[in-house]
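Working notes, structure below.
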């Protein structure tokens, strides 16, 4: 139930989503927004809010793991490991109030978002 939270939230709030590709993009963008709030909460010393925002990011990443299609080859296995590592970094950030761990997650998610946008653009042009 918890892992479907992110997916359900996005689909309920964005009924007009045109494609699953757009949904993935929105999930990456959501992680970046939630992490920004988590960083702000760490700087303000607000443990409750920090935990809330990191848990939101974790929910989205968990859903990304759950929707991987392993029939598509090695990329799904690679992404599973990458996403799992991001969950670990967020756990460490939450335990140690470590903004650098959140920054590391953000760097990976930004790279994935850019690659996703690029591949979506190529697919639309084809």
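The values are calculated or read from the model by the stated rules, or taken from the named source; none is laboratory data. This one's a predicted model, so the numbers in the text were calculated from it and none came from an experiment. A quick note on method: Cβ atoms are made from the backbone with ideal geometry, for glycine too, and the neighbour counts reach across all protein chains shown.
Just a few scattered comments:
- Helices (runs of 4 or more DSSP H) contained in the range 1-78 and holding at least 3 residues crowded, with 17+ Cβ neighbours inside 10 Å, touching a helix residue (DSSP H, G or I) at 6+ places or on another chain (Cβ under 8 Å) and at pLDDT 95 or above: 20-44, 47-66
- Residues of the range 79-123 satisfying the condition of being within 17 Å of residue 22 (Cα to Cα) and touching a helix residue (DSSP H, G or I) at 6+ places or on another chain (Cβ under 9 Å): 109, 110, 112, 113, 116, 117, 119, 120, 123
- Being assigned to a helix (DSSP H, G or I) and modelled with pLDDT under 95 holds for only one residue in 121, 114, and it is 121.
- Residue that is surrounded by the fewest Cβ atoms within 10 Å (Cβ to Cβ) [pool: residues in the range 97-111 that are farther than 15 Å from residue 84 by Cβ and within 12 Å of the chain's Cα centre (by Cα)]: 107
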